[in-house]
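The values are calculated or read from the model by the stated rules, or taken from the named source; none is laboratory data. Since the structure is predicted, the reported quantities are computational estimates derived from the model, not experimental observations. Every residue, glycine among them, receives a Cβ derived from its backbone with ideal geometry; neighbour counts consider all protein chains shown.
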Amino acid sequence: MAAGAIARVGFGILPMLVLFALLLVSLTLLSDATHNSERFGQMYSMLLLINAAGLVFLAALVIVNIIGLIRQQRMNVPGARMTSRLVVMFVVLTVVPVSIVYYFSLQFLQRGIDSWFDVRIEQGLEDALDLSHAALDVRLADILNLTVHMAENLSDAAPATLSLTLYDQRVRSGAAELTLIGGDGRIVASSSSDISDIIPDQPASEMLMLMRNRKHYIGLDPIGDSGLFARALVPVLSSRSDSEVYTLQALYEVSERFSLLAESVQSAYTRYKELSYLRTPLKFSYSLTLSIVLVLSLLAAIWAAFHSARRLVAPVRDLADATHAVAEGDYSKRLSVASEDELGFLVRSFNDMTRRLARSREQTVRAQQQIEGQRAYLEAVLANLSSGVISMSADSVVRAINRTASKSLGIDARQFLGREMASFASEHAHLAPFVDAVTRHRSQGDNSWQEEIALLGASGHQVLMCRGTVLGGQGKRAGGLVIVFDDVTTLIQAQRDAAWGEVARRLAHEIKNPLTPIQLSAERIRRRYLASMDAEEAELLDRATHTIVNQVDAMKKMVNAFSEYAKAPNLNMVVMNLNQLVQEVLDLYRSSDLEVQLIEQLDADNDLIEGDAGRLRQLLHNLIKNALEAVRGMPEARIIVSTCRVGGMENSQIELCVEDNGPGFEARVLENIFEPYVSTKPKGSGLGLAIVKKIVEEHGGTISAESGEAGGALVRIRLLLSAENSLLSDKQVLS
Amino acid sequence: MFAEARLAGTLPVSWVAALIRRRAVVLLLSAVCCSPSQVCAGHPGIIKLEDAHTWRIDDGEYLEAQFSIELSSGAEEAVRNAVPLLFELQVQVVEIHTWLWDSVDIEFTEQRQLQYHALSESYQVKDLNAGTQGNYSRLDDALRAAGKIKNMLLTEQPLDRGPDYSIRLRGSLDVESLPTPVRLIAYISSDWNMVSKWYKWQLVR
């Protein structure tokens, strides 16, 4: 977080310039202070700290930049490597000349400072000092002699006259101050030329120690601001043995000119000595200041290198980012043109490119949307078309199946998309005729064909009116096939029903109506002429009229039966158990004189169907009667009535089979066995199986007839299970 | 006689600030400096309190003290090369609080400058507070004179009433007054780090 703050503050060019300026001022002051300037000498440590803090800040900034750059390189941020190269280049370009300048500056500094100091100058100064000493020594010797003389004069002076004598001696000797000091250091008497100076200048205790050893002292003493004085101390030896040993201190003013010259020599010598001593520390200080300048310059240069490299690389990085975005599919990226140079030209070209790309993509999207719209429209049309549509490619791979087609064929369209059409037949056996027809027409090379195809599926007999058209043109779709078909089962059935209804109506009208008058006429003829005829003719007439009446009856029955067949029934559909119904019907046929063996194999005990009990009973009667007639007179006659559940969980049905071991169906009638008036029996109305088929169709079931290889006929009926049955079975599963 | 006498109830803030600044510079230079062998040569300088006592006369409390100053080899070399040294003798009268920080009630700083005088071949000791000066031919005598506090009037009010007081003394070489080039070395060299501990005693009533 702190690093981030440093980086944010540091990246602004203005704050950094201000910082550099401040550091530069601080460095100038530091350099001045190093030069022992009075003004900044006091601030030296503070300036040193400020500069150090600035350097630390800059160093932190540079480190943060370096770390950031390394991280960017590791993350492969665009422009990071280029920034690194530029930074390294800038830094090398800066470090080399700065280091050279630093090296030579340091050399000049060392030698320059050393060159200030000359052995001859030092010697000269020392000689000057020695000269001063020599000149002073003569004067000091005189003063000492004079003082010794004065001390001798004082030695015999009475204590009461000491002050006067002292005054007299001072005036005569020209001393500035004469003081007589007791053995314990107290001032006994004093005489000074300066009236204002009441307190005499006291000698140091070490000097008084000399006096105790009866030694003399002579020396120069700079006293306060008064200038240079010659101080002489001489013990005053009294001739009296009991007398206290005094010390006479005499202060002589050194002449002003001499004093000034001596002080000048002293000052120059001291200054030179000090400077000479300070030479090493000064070199160290200058080197340090120079090093700080070097480090500051280097750090500033490195920061500037970072800043410049970033500024240089920024447009390139932006371009790289934008190119990446374009590669990702974002064409809305626009870059701001910051300069009018080659990079600016590049940026403008990039903007043009993205603008064009965006426009062309927009057009593509619009076209795609139009295509999608058309496709959706087509799909909607196909989906709502009452005809089934299947389109295939040239290699018979299914490309599209509409809803009606999948419903009519009883298949899941999604399952077959992209697969060959032959897979229809392999997974749905009842579609084999459909597939065969299509394959046949393809192999025959029919470009446009129409065929009625009959299917026998789980939902019963189905007739499809198919029209196939081979797609022309060139390209991918060439050679493809579009099959359009209509389920005409219901239509055909309705047409047939209508035809039979018409036939029945005609029969009733045209045939049944004249039958009654015929019958009545025959009976009237018989009644009127039978009695009046002889026996032979009467018999003939009787037989003839009987025949007429019987035949008319038969015709009436036939017409009634036919009318019954053609009449649309009023079904009373109820949920019922088929097995129970079968058992009831079979029970009626079970009599002792029945020579036929009736076998029931009822498996589907709990299965329920929806049906009209009366019609189904009729169905069973017709079938059993047919079977009984077929096996009549045959040895070991046997009729098997069986029920069982067939089909899967979703499409389960009840199969009812009536099988006999009679002669079976003839092959020539097997195809039309359920048509009216198709029969293999010498007697029969020819409507038995037709009615059975009608009842099955009324119940939405399917019927088929077949002959066994070893003889015998089998009629197989499949009826749909009731919805309640599936609920029941669910409950059973649960229980 | 006393250059600076102030009554205050606070810690010596200026002194603390100076200390912090000095330590910071020392730390910095220690980090920068690459030749530590140059700055730690010779024997170290020592300042210690030899004798101190207070007495009371009618007009107030008086102090007399003697610091013993031994110059380090570097400092001695500097003095012999005419570099002036400034010694500071700090005197504080501290009011003792039982529960709070002790507060400095009175503080004096005696400044003594020691310099070699080539012409007279003597060492000058200037009392910068009083403006007096003494000349000594021997360095030892000069240092003794520099470490002497004589008849210092601490306060005119008697301290034997009211709260408890203690007196503390410390002597040090003022590095900040050295010539700038030497100061840089003085910051990092133990040779120049001449400062006594605080000597403290409680006033007996």
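Do we have A:N76 as outside any helix (DSSP H, G or I) and more than 14 Å from chain B (Cβ to nearest Cβ) here? Can you show your working first?
Details: outside any helix (DSSP H, G or I): yes; more than 14 Å from chain B (Cβ to nearest Cβ): yes.
Taking the combined requirement at face value, the residue satisfies it.
Would the stretch B:78-98 turn up any residue that is free of Cβ contacts under 8 Å to residues at least 24 places away in the same chain, more than 14 Å from chain A (Cβ to nearest Cβ), farther than 25 Å from B:Y187 by Cα and not in a strand (DSSP E or B)?
yes
Given B:V125, B:V175, which one is within 14 Å of chain A (Cβ to nearest Cβ), closer than 23 Å to B:Y199 by Cα and touching a residue at least 12 places away in the same chain (Cβ under 8 Å)?
Working: B:V125 fails: closer than 23 Å to B:Y199 by Cα.
Answer to the check: B:V175.
Residues that are surrounded by fewer than 19 Cβ atoms within 10 Å (Cβ to Cβ), free of Cβ contacts under 8 Å to residues at least 24 places away in the same chain and over 18 Å from the mean Cα position of the chain (by Cα): does the stretch B:102-112 have at least one?
no
Looking only at the stretch B:136-157, count how many residues are touching a helix residue (DSSP H, G or I) at 6+ places or on another chain (Cβ under 6 Å) and among the acidic types (D, E).
Number of matching residues: 1.
Just checking, does the stretch A:296-306 include any residue being at negative phi, crowded, with 18+ Cβ neighbours inside 10 Å, assigned to a helix (DSSP H, G or I) and within 14 Å of chain B (Cβ to nearest Cβ)?
yes
Looking at B:T155 and the list (1) touching a Gly at 6+ places or on another chain (Cβ under 6 Å); (2) under 25 Å from B:E76 (Cα atoms), which single condition is not satisfied?
(2)
Yes or no: the stretch A:672-679 includes at least one residue that is charged (D, E, K, R) and either modelled with pLDDT of 85 or more or surrounded by 17 or more Cβ atoms within 10 Å (Cβ to Cβ) (or both). Don't jump to the end; show me each part of the working.
Filtering the stretch A:672-679 down to residues charged (D, E, K, R) leaves A:675.
This time we only want the ones that are either modelled with pLDDT of 85 or more or surrounded by 17 or more Cβ atoms within 10 Å (Cβ to Cβ) (or both), so: none.
No, that holds for no residue.
Residues being under 21 Å from A:V470 (Cα atoms), in contact (Cβ under 8 Å) with a residue 24 or more places away in the chain and not in a helix (DSSP H, G or I): count how many of those fall in the stretch A:417-433.
2
List pairs: first residue in the stretch A:264-275 and more than 8 Å from every other protein chain (Cβ to nearest Cβ), second residue at pLDDT below 85 anywhere in the structure, Cβ distance under 9 angstrom, at least six positions apart or on different chains.
A:Y272/A:F117; A:Y272/A:I121; A:Y272/A:E122; A:L275/A:W116; A:L275/A:F117; A:L275/A:L282
List pairs: first residue in the stretch A:358-384 and assigned to a helix (DSSP H, G or I), second residue of a type in the set (D, E, K, R) anywhere in the structure, Cβ distance under 6 angstrom, at least six positions apart or on different chains.
As it stands, the answer is A:A383/A:R403, since those pairs meet every condition given.
If we keep just the residues of the stretch A:337-375 that are over 18 Å from A:G79 (Cα atoms) and small (G, A, S), which is modelled with the lowest pLDDT?
A:S339
Does the stretch B:148-169 contain at least one residue that is touching a residue at least 24 places away in the same chain (Cβ under 8 Å), more than 27 Å from A:R279 (Cβ to Cβ) and within 13 Å of another protein chain (Cβ to nearest Cβ)?
yes
Condition check ((1) part of a helix (DSSP H, G or I); (2) at pLDDT below 85; (3) basic (K, R); (4) under 51 Å from the mean Cα position of the chain (by Cα)) across all residues:
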site	(1), (2), (3), (4)
A:V435	yes, no, no, yes
A:R440	yes, no, yes, no
A:D446	no, yes, no, no
A:Q450	no, no, no, no
A:Q462	no, yes, no, no
A:M465	no, no, no, no
A:T469	no, no, no, yes
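Does B:A18 satisfy the condition of being within 15 Å of B:N193 (Cβ to Cβ), surrounded by 13 or more Cβ atoms within 10 Å (Cβ to Cβ), within 14 Å of another protein chain (Cβ to nearest Cβ) and modelled with pLDDT of 90 or more?
no
Please verify whether B:V204 is more than 9 Å from chain A (Cβ to nearest Cβ) and either basic (K, R) or free of Cβ contacts under 8 Å to residues at least 12 places away in the same chain (or both), treating the condition exactly as stated.
For B:V204, the condition - more than 9 Å from chain A (Cβ to nearest Cβ) and either basic (K, R) or free of Cβ contacts under 8 Å to residues at least 12 places away in the same chain (or both) - is met.
Just wondering, is there one or more residues in the stretch A:83-96 that are without any contact (Cβ under 8 Å) to a residue 60 or more places away in the chain and touching a Lys or Arg at 6+ places or on another chain (Cβ under 8 Å)?
no
Exactly one condition in (1) surrounded by fewer than 16 Cβ atoms within 10 Å (Cβ to Cβ); (2) not in a helix (DSSP H, G or I) is not met by A:V101; state its number.
A:V101 satisfies every listed condition except (2).
If you go through the stretch A:108-160 one residue at a time, how many are away from every other protein chain (no Cβ under 14 Å) and either hydroxyl-bearing (S, T, Y) or not in a helix (DSSP H, G or I) (or both)?
Qualifying residue count, the stretch A:108-160: 7.
Please work out if A:S386 is over 20 Å from A:V470 (Cβ atoms) and buried (at least 17 other Cβ atoms within 10 Å of the Cβ).
Spelling it out, it is not the case that A:S386 is over 20 Å from A:V470 (Cβ atoms) and buried (at least 17 other Cβ atoms within 10 Å of the Cβ).
If you scan the stretch A:570-599, which residues turn out to be exposed (fewer than 14 other Cβ atoms within 10 Å of the Cβ) and touching a residue at least 40 places away in the same chain (Cβ under 8 Å)?
A:N572, A:V575, A:E595, A:Q597, A:I599
For the stretch A:702-723, name all the residues that are of a type in the set (G, A, S) and surrounded by fewer than 23 Cβ atoms within 10 Å (Cβ to Cβ).
A:S704, A:A705, A:S707, A:G708, A:A710, A:G711, A:G712, A:S722, A:A723
The conditions are (1) more than 14 Å from chain B (Cβ to nearest Cβ); (2) crowded, with 19+ Cβ neighbours inside 10 Å, and A:L278 fails exactly one of them. Which is it?
So the condition that A:L278 fails would be (1).
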